[in-house]
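Trainee: Just dropping this structure here.
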Amino acid sequence: ALVGHTGSGKSSIINVLMRFYEFGQGQILIDDQDIRDFSLEELRQKMGLVLQDAFMFYGNIADNIRLLNSEISDEEVVAAAKFVQADRFIESLPGTYQAKVIERGASYSSGQRQLISFARTMVTNPKILVLDEATANIDTETESLIQLGLANMRQGRTTIAIAHRLSTIRDANTILVLDKGSIVEKGTHEELLAIEGLYADMYKLQSSKG
């Protein structure tokens, strides 16, 4: 997990990991192999990115899940939706997977749009899952489904999560704390609380608000 205040460098790390930006110094390795040794197509096929704001385009639910990739079958679309718990609301819609999506998915709640985004990510079965504040804008109505969907998505794959709500990444194997473009602390949730540094301050602040 990557945590830190706004502007600390969390999204920049994701941008270079996905090679939206190229970098001049240092390395990013996947299984000891430099990410620049992979083609962009292969790298992005192996990574699934879920953003804070789920973009939806005009069409129907199935088109939004398969992203107009004709190689993805209807059965795979349905399986991906079930895997992330999106099938529950989709199958209650008139037309189910053919239900109309208007511009930006305005007729769906933030949580429903995010569940469709999850299904879109999982239909390609990525090896690495990248979550950029994926639970920041969700409504309470779908929050439990989102958490179930995320739990399924994380099984058996590496997950890199940017999190504002620290309670969502307590079980991360490693938490990197960023400040002004540098990693200033590293450890598990318990280890970082024990050193009483920046992470502990952020966690206490959020806990007192909660």
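Trainee: Scan V130, V77 and give me the residue that is part of a strand (DSSP E or B), open to solvent by less than 30 Å² (accessible area, probe 1.4 Å) and at pLDDT 85 or above. Show your work before the answer.
Mentor: Working: V77 fails: part of a strand (DSSP E or B).
Unique residue meeting the criteria: V130.
Trainee: Any chance segment 191-206 includes a residue that's of a type in the set (A, V, I, L, M), modelled with pLDDT under 90 and open to solvent by 70 Å² or more (accessible area, probe 1.4 Å)?
Mentor: Taking segment 191-206 and keeping what is of a type in the set (A, V, I, L, M), we get 192-195, 198, 200, 202, 205.
When the remaining residues are screened for being modelled with pLDDT under 90, the result is 202, 205.
If we keep only those that are open to solvent by 70 Å² or more (accessible area, probe 1.4 Å) too, we end up with 205.
Yes; the residues of segment 191-206 include at least one that is of a type in the set (A, V, I, L, M), modelled with pLDDT under 90 and open to solvent by 70 Å² or more (accessible area, probe 1.4 Å).
Trainee: Continuing with this model, one more query. Scan segment 81-95 and tell me whether some residue there is open to solvent by less than 50 Å² (accessible area, probe 1.4 Å), touching a strand residue (DSSP E or B) at 6+ places or on another chain (Cβ under 7 Å), within 19 Å of M153 (Cβ to Cβ) and not in a loop (DSSP other than H, G, I, E, B).
Mentor: Looking only at segment 81-95, we keep the residues that are open to solvent by less than 50 Å² (accessible area, probe 1.4 Å), and these are 81, 84-87, 89-90, 93, 95.
If we keep only those that are touching a strand residue (DSSP E or B) at 6+ places or on another chain (Cβ under 7 Å) as well, we get none.
No, the conditions are met nowhere in segment 81-95.
Trainee: Moving on to the next point. Given the conditions (1) surrounded by 20 or more Cβ atoms within 10 Å (Cβ to Cβ); (2) among the basic types (K, R); (3) more than 22 Å from the chain's Cα centre (by Cα), report the number of the one that R120 does not fulfil.
Mentor: (3)
Trainee: Do we have A54 as in a helix (DSSP H, G or I), on the phi < 0 side of the Ramachandran plot and small (G, A, S) here?
Mentor: On the way: in a helix (DSSP H, G or I): no; on the phi < 0 side of the Ramachandran plot: yes; small (G, A, S): yes.
When the stated conditions are applied, A54 does not pass them.
Trainee: Another question, if that's okay. Based on this model, can you work out whether D63 counts as among the charged types (D, E, K, R), surrounded by fewer than 12 Cβ atoms within 10 Å (Cβ to Cβ) and under 20 Å from P126 (Cα atoms)? Even if it seems obvious, please write down each step before you answer.
Mentor: On the way: among the charged types (D, E, K, R): yes; surrounded by fewer than 12 Cβ atoms within 10 Å (Cβ to Cβ): no; under 20 Å from P126 (Cα atoms): yes.
Judged against the criteria, D63 is not a match.
The values are calculated or read from the model by the stated rules, or taken from the named source; none is laboratory data. Because the structure is predicted, anything quoted here is derived from the model rather than measured. Cβ: placed from backbone, ideal geometry, glycine included. Neighbour counts: every protein chain shown. Quick note on the areas: whole protein, heavy atoms, side chains included, nothing else; ligands and nucleic acids left out. Shrake-Rupley method; radii C 1.70, N 1.55, O 1.52, S 1.80 Å.
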